[in-house]
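To start, the structure itself, in structure tokens.
Derivation of every value follows stated rules applied to the coordinates shown; laboratory data play no part. Remember, it's a predicted structure, so these values are computed and weren't measured experimentally. When we count neighbours, we look across all protein chains shown, and the Cβ atoms used for this are built from the backbone with ideal geometry, even at glycine.
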Amino acid sequence: MFHFNGNGTEWIDQGLPTPTYLEHINKGYLIAWAIDGYFGTLQGTQYLNDIIARVLITFKDLKPTRQLYKPKIESASHYLPKIYKLRELQNLKSIKNRNKAPSRADNFDDNVFWSIKLFCEDLIRSQGLPTFSQLEDFAYQNFNHKDKSTLRAKCRSIYNWYDAKDWKLPYKRKTKTAEELKLTRQERAAANTKAREEKARNIVQNTLTGLMSNLYKKKSGSWNISKIAEDTGLNRRTITKYIKELSL
């Protein structure tokens, strides 16, 4: 299921079948197509990720975001319980039919790579200097069935490509001096570090103030740093730092 910023009719313009699920909310709408098939195999996962990527590419201008929960189609009368074959969604755009990007960026000839790449370009236009964690979060959220190391490799390839191009769209030869380029990279490194720190801080805060926060308390009342580290993937030093900073 996806969230789109639109009026709810854009799927018609793309020649797609009636959604299995369509719900208007305060900002945009939720939309989904139920697909017939088993996606527990490697091939099934590849098909699923390809469809997800093609949806993101097709509706790129609507700022689509994937929702990681499934609507209960059978329990609501206003849903249309139609299940589609993959071929019925063939009007979704496929980047494979377009001209290839420069070789350094086109390390992965697939729609997943290109959806991340296009998202990166949107970030460049909107904020100038994207962070690597933004690409990584986008990839993990939308393609959670895919191996994380593979997604990270795609993100790294894309990030390095635009870094080498000085984050300019369209691609132009660099005109900055060596010193200016060095300072720009230092700024990006600082932005990446800040983004990682903020992400870790939010994880600690959400973990220790959420509904399950009591699971991380020892009988003595102090925080169980080892368990927090195990469940969040953060190191003990980082956790201790933000516990003190947040006065938790």
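At-a-glance table
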| quantity | calculated |
| --- | --- |
| Segment 1-93: radius of gyration over Cα atoms, expressed as a fraction of 2.2 N^0.38 Å | 1.04 |
| Cross-link pairs beyond the 28 Å C-alpha cut-off, checked among K148/K227; K60/K82; K82/K117; K93/K148 | K82/K117 |
| G6 long-range amide H proximity, modeled H, under 5 Å | G28, Y29 |
| K217 long-range amide H proximity, modeled H, under 5 Å | N224 |
| For segment 151-168, Karplus couplings with θ = phi - 60° (6.51, -1.76, 1.60), whole Hz, Gly/Pro x | 5, 5, 5, 5, 4, 5, 4, 5, 4, 5, 4, 6, 5, 5, 8, 6, 6, 9 |
| Whole-Hz couplings from phi, Karplus 6.51/-1.76/1.60, listed for segment 135-140; x for Gly and Pro | 5, 5, 5, 4, 5, 5 |
| At most 12 other Cβ within 10 Å, DSSP loop - trypsin sites (Lys or Arg not before Pro), segment 24-68 | K27 |
| Length released on extending from N5 to K60, taking residue separation times 0.36 nm less the Cα-Cα span | 18.8 nm |
| Additional length obtainable on full extension of the chain from D231 to D147, 0.36 nm per residue less Cα span | 28.3 nm |
| Rounded FRET efficiency, nearest 0.05, which uses the C-beta distance separating L42 from Q67 and R0 of 22 Å | 0.35 |
| Gained length - D166 relative to K219, 0.36 nm times residue gap less alpha-carbon distance | 13.8 nm |
| Separation in nanometres of the label points that stand 7 Å from Cα toward Cβ, at D122 and N206 | 1.9 nm |
| A190-I83 FRET efficiency (beta carbon distance; Förster radius 35 Å; 0.05 resolution) | 0.10 |
